[in-house]
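Input: a single structure, listed below in structure tokens.
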Amino acid sequence: MIALVTGANRGLGREVSRRLADQGHTVLVSARSAEAAEETARELGRAAVPLRLDVTGDDLDEVAATIGERYGRLDVLVNNAAITYDTWQRAVEADLDVVREAAETNFYGPWRLIQAVLPLLRRSEHPRIVNVSSEAASLTNMGGGTPAYNASKVGLNALTRMLAAELRGDGVLVNAVCPGWVATDMGGPGGRPVADGAAGIVWAATLPDDGPTGGFLRDGRPLPW
Ligand SMILES: NC(=O)c1ccc[n+]([C@@H]2O[C@H](COP(=O)([O-])OP(=O)(O)OC[C@H]3O[C@@H](n4cnc5c(N)ncnc54)[C@H](OP(=O)(O)O)[C@@H]3O)[C@@H](O)[C@H]2O)c1
């Protein structure tokens with residue numbers, strides 16, 4: 001299996017990459033810095049291949065072409081990279097430049113990358129897309145606060161639903177996965193171990209053909225939209 005993980009140089013992306021590599025899959029560990037991608041791939045061993053990929057970059061088609069030349073297909077895309085857990089602001093007075101910047105990485109980034117690699121995913125026999133989301137995007141439970149982050153993840157969840165419907169006939173399983181509150185740089189101290197958060201993402205990346213699609217899931221169980 002060939003898997004591509006964005007933001008793979010630290011936090012959940014790194015742990016997801018490590019686990020997929022340990023399972024024997026080829027993992028394109030991508031990071032926006034080439035050095036960070038190379039260092040991570042070295043640490044993770046032979047199954048890990050470094051790739052420079054900034055999800056806001058204008059070279060996503062070239063990145064996809066490189067993957068196509070090397071492997072001819074892509075089996076799994078994990079849209080993990082994200083920014084701006086904006087605990088410092090509220091929707092009523094939010095800096096909309098910050099909201100736009102978060103959307104570029106957390107929402108348009110995954111959307112653009114999916115469009116770029118979709119021809120490669122269509123060449124896979126078991127294509128999977130995992131959009132790493134957050135319960136903060138649940139409209140059912142939505143309160144105030146973290147407006148840039150929440151809005152970007154709501155968009156990502158909507159994208160998950162649309163793509164799951166549009167790609168169902170092609171066998172592409174598309175799910176949004178919340179890792180829970182995890183002790184990473186973004187989550188801060190107090191969250192659960194990275195391994196626990198990564199497990200549900202790896203599960204969604206390696207679903208059997210009759211697995212769920214269009215789901216919003218944590219630890220393999222549905223969350224309220
Ligand atoms: N931690 C939690 O409690 C929690 C809870 C719910 C959901 N999540 C979600 O889980 C995912 C991973 O979060 P995390 O906690 O592991 O975050 P993190 O530790 O802050 O790591 C974020 C990763 O994204 C990368 N990244 C940022 N902008 C990028 C870009 N433009 N292109 C490529 N990579 C980029 C970062 O790279 P650099 O090193 O270059 O900055 C880093 O590797 C995110 O989608 C997050 O929203 C996390």
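The values are calculated or read from the model by the stated rules, or taken from the named source; none is laboratory data. Because the structure is a prediction, the values reported are computed rather than measured. Don't worry about glycine lacking a Cβ; one is built from the backbone with ideal geometry, like all the others, and counts go over all protein chains shown.
Exactly one condition in (1) over 14 Å from the mean Cα position of the chain (by Cα); (2) farther than 21 Å from P208 by Cα; (3) not in a loop (DSSP other than H, G, I, E, B) is not met by D58; state its number.
Failed condition: (3).
Taking the condition buried (at least 22 other Cβ atoms within 10 Å of the Cβ) and in contact with a Ser or Thr (Cβ under 7 Å, 6 or more places away or on another chain), does V177 pass?
Values: buried (at least 22 other Cβ atoms within 10 Å of the Cβ): yes; in contact with a Ser or Thr (Cβ under 7 Å, 6 or more places away or on another chain): yes.
In short, yes.
So, of the residues in segment 71-86 that are touching a strand residue (DSSP E or B) at 6+ places or on another chain (Cβ under 6 Å) and either in a strand (DSSP E or B) or within 20 Å of G11 (Cβ to Cβ) (or both), which turns out to be nearest to the ligand (Cβ to nearest atom)? Give the derivation first.
Just the residues of segment 71-86 that are touching a strand residue (DSSP E or B) at 6+ places or on another chain (Cβ under 6 Å), to begin with: 71, 74-80.
Now narrow it down to the ones that are either in a strand (DSSP E or B) or within 20 Å of G11 (Cβ to Cβ) (or both): 76-80.
Numbers: V76: 16, L77: 13, V78: 9, N79: 8, N80: 5 Å.
It comes out as N80.
Tally the residues that are part of a helix (DSSP H, G or I), away from the ligand (no atom under 13 Å from the Cβ) and of a type in the set (A, V, I, L, M, F, W, C), restricting the search to segment 1-51.
Within segment 1-51, residues that are part of a helix (DSSP H, G or I), away from the ligand (no atom under 13 Å from the Cβ) and of a type in the set (A, V, I, L, M, F, W, C) number 4.
Each row is one residue, and each column tells you yes or no for (1) free of Cβ contacts under 8 Å to residues at least 24 places away in the same chain; (2) touching a Cys at 6+ places or on another chain (Cβ under 6 Å); (3) of a type in the set (V, I, T); (4) closer than 18 Å to L77 by Cα.
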{"site": "I114", "(1), (2), (3), (4)": "no, no, yes, yes"}
{"site": "L120", "(1), (2), (3), (4)": "no, no, no, yes"}
{"site": "V130", "(1), (2), (3), (4)": "no, no, yes, yes"}
{"site": "S133", "(1), (2), (3), (4)": "no, yes, no, yes"}
{"site": "A165", "(1), (2), (3), (4)": "no, no, no, yes"}
{"site": "C178", "(1), (2), (3), (4)": "no, no, no, yes"}
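Mind checking which residues of segment 169-198 are within 20 Å of L156 (Cβ to Cβ), within 14 Å of the ligand (Cβ to nearest atom) and outside any loop (DSSP other than H, G, I, E, B)?
Result: N175, A176, V177, V182, G197, A198.
Select from segment 209-225 the residues that are touching a residue at least 12 places away in the same chain (Cβ under 8 Å), of a type outside the set (S, T, Y) and either part of a loop (DSSP other than H, G, I, E, B) or over 16 Å from N80 (Cα atoms) (or both) and list them in ascending order. Don't jump to the end; show me each part of the working.
So the first thing to find is which residues in segment 209-225 are touching a residue at least 12 places away in the same chain (Cβ under 8 Å), and the list is 209, 211-220, 223-225.
When the remaining residues are screened for being of a type outside the set (S, T, Y), the result is 209, 211-212, 214-220, 223-225.
Answer for segment 209-225, where residues must be touching a residue at least 12 places away in the same chain (Cβ under 8 Å), of a type outside the set (S, T, Y) and either part of a loop (DSSP other than H, G, I, E, B) or over 16 Å from N80 (Cα atoms) (or both): D209, G211, P212, G214, G215, D219, G220, L223, P224, W225.
Quick one: would you say L156 is under 25 Å from N9 (Cβ atoms) and modelled with pLDDT of 95 or more?
Working: under 25 Å from N9 (Cβ atoms): yes; modelled with pLDDT of 95 or more: yes.
Yes.
I'd like to know if segment 158-165 contains one or more residues that are more than 10 Å from the ligand (Cβ to nearest atom), crowded, with 21+ Cβ neighbours inside 10 Å and part of a loop (DSSP other than H, G, I, E, B).
no
Quick check on segment 87-127: of everything there that is among the basic types (K, R) and either modelled with pLDDT under 95 or not in a helix (DSSP H, G or I) (or both), which residue is farthest from the ligand (Cβ to nearest atom)? Reasoning before the result, please.
Let us first name the residues in segment 87-127 that are among the basic types (K, R), namely 90, 100, 112, 122-123.
Next cut, either modelled with pLDDT under 95 or not in a helix (DSSP H, G or I) (or both) only: 90, 123.
Values: R90: 19, R123: 24 Å.
The extreme case among them is R123.
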